[in-house]
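Have a look at the structure below before the remarks.
The values are calculated or read from the model by the stated rules, or taken from the named source; none is laboratory data. The model shown is predicted, which means the values in this text are computed figures rather than measured ones. Cβ atoms come from the backbone with ideal geometry, glycine included; neighbour counts cover every protein chain shown. Just the protein is used for accessible areas: all its heavy atoms, side chains included, with ligands, DNA and RNA removed. Shrake-Rupley method; radii C 1.70, N 1.55, O 1.52, S 1.80 Å.
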Amino acid sequence: MKNIPLVDLNAQYKNISAEINKSFKKIVESSQFILGEDVALFEKNFAKYADSNYTVGVDNGSSALELGMRALGIGPGDEVITPANSFIASSSSISFTGAKPVLVDCEEDYYNIDPDKIEKSISKKTKAIMFVHLYGQPVQVDKIKTIAKKYKLFLIEDACQAHGAKYKRKRVGSFGNFAAFSFYPGKNLGAYGDAGAVTTNNKLLAEKVSMMRNYGQRKKYDHVFIAWNKRMDNLQAAFLNVKLNYLDDWNNSRRKVAMFYNKHLAGLPVILPKVAPDVEHVYHLYVIRTKSRDKLLDHLHKNGIGAGIHYPIPIHLQKAYKDLGYKKGSFPVTENISREIISLPMYPEMKEADVLYIKKVVGDFFN
Ligand SMILES: Cc1ncc(COP(=O)(O)O)c(C=O)c1O
């Protein structure tokens, strides 16, 4: 029996260990742990990478979303539209600002927020639309931009799963007023701990977030407003500077693995991921669908395959969000998906032989 994890961070580390170890030594020996040169360098490098004028490094993706929204002035009494089908942090970051998340169902084909269902959720209190490029696949940006323009709403990009993904040949990161990235270890660009970033073309917003992450300081011990410590660690920035050089190669390898899956799983009774028009998917996750989800998942695990579910309980059915007043049936597409999806192993170092093994195990299950 083969053992294929959902993500193999050790396989990645083996290929870049010399550079990573060198950067670890450099930071520890220099004692530059807080907002050092590597944070500044990463901010410069990542802004360029994400086709944005500015990047501000923060402590995680949730903070990137929260601080970006606070910098836009979003707070108590406001509503922000966000997909029901996402990781909880898309919604909880809205709640942290004091605003209310207003959920919208997802599309049947691509699992992203359904642009056709956004307008009916807009109220007088709506301040922004947050879209999430879920699983590494960009949303249909133009459609959502048109709605935001019509109602004069801010646009927020949750790009936490989509480093390097493109819409109309442009990388995600500057389609809205700001974008948030997470560098949680398992992401396409992951740190060796928590880290995140805000990207934007708005200088004032970048400056505001930069102060918000650092006690509201204009300069040392000169505090303009009350704020947090939500800084990116210099050590994580040093690791990210090494890894950023490999991101495009890794994303290409992910697409190759996805092609192996598409080729070898074709013909089996599962729904394969579909790619929307105008997008370049980066396959943070490779998600298939079947009505026999729970039994197939169990069979995969018994055969050494580390499959997962992203996500088994939609946000509106989480206990944490019972006060929003949604119920079973509020978002039928999201609910169906949550019962049927399986994320198969996906990481750049996977081989075709791994995919063939997974195909055999899935095939045996349906036979
Ligand atoms: C879609 C989405 N939004 C937000 C986040 C939050 O990022 P973090 O875990 O770095 O706070 C994540 C990460 O897990 C995510 O997948």
Study note, to complete from the structure: Heavy-atom accessible area per residue of the chain, all protein chains kept, 1.4 Å probe, expressed in Å², is 44 Å²
Point to revise | Whole-Hz couplings from phi, Karplus 6.51/-1.76/1.60, listed for the range 171-178; x for Gly and Pro | key: 5, 5, x, 9, 7, x, 5, 7
Review point. According to a simple spin-label model (label point 7 Å from Cα along Cα-to-Cβ), what is the distance in nm between residue 17 and residue 253?
Key: 1.5 nm
Review point. So which trypsin sites (Lys or Arg not before Pro) in the range 67-129 are both in a DSSP loop and have at most 11 other Cβ atoms within 10 Å of their Cβ?
Key: 124
Exercise for review: Obtain the nm distance between the two label points defined at residue 309 and residue 31 by a simple spin-label model: each point lies 7 Å from its Cα along the Cα-to-C-beta direction.
Suggested key: 5.1 nm
Review point. ³J(HN,Hα) across the range 210-222 via Karplus (A = 6.51, B = -1.76, C = 1.60, θ = phi - 60°), whole Hz, x for Gly/Pro?
Key: 4, 6, 4, 6, 9, 6, x, 7, 8, 9, 3, 6, 10
Review point. From the square roots a ≥ b ≥ c of the eigenvalues of the alpha-carbon gyration tensor of the range 226-356, which class results: rounded (a/c under 1.5), prolate (a/b over b/c), or oblate?
Key: oblate
Review point. Looking only at 41, 244, 344, which one moves most when the chain is put into a Gaussian network model with springs between Cα atoms under 10 Å?
Key: 41
**Study point:** Point-to-point label distance, residue 292-residue 222, nm (Cα→Cβ direction, 7 Å offset)
**Key:** 6.8 nm
Study note, to complete from the structure: Computed over all unlike Cα pairs, the Kirkwood hydrodynamic radius of the chain in Å stands at 21.1 Å
Review point. Among 21, 234, 45, which one moves the most in a GNM of the chain with springs linking Cα atoms closer than 10 Å?
Key: 21
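For n ≥ 4 DSSP H runs only, could you compute -39500 (n - 2.57) per run for the chain, divide by its residues and tell me the 222 nm figure to the nearest 500?
One gets -12000 deg cm²/dmol as the mean residue ellipticity at 222 nm.
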Review point. Given H placed 1.01 Å from N in the peptide plane, which residues other than close sequence neighbours of residue 167 have an amide H under 5 Å from its amide H?
Key: 172, 280
Point to revise | GNM flexibility winner over the chain from 292, 92, 52 (Cα, springs under 10 Å) | key: 292
Check your understanding: Across the chain, where is the longest run that never hits chymotrypsin sites (Phe, Trp or Tyr not before Pro) in a DSSP loop with at most 16 other C-beta atoms within 10 Å?
Key -> 247-367
Review point. With contacts defined as alpha carbon pairs under 8 Å and 6 or more residues apart, what's the relative contact order of the range 59-121 in percent?
Key: 33 percent
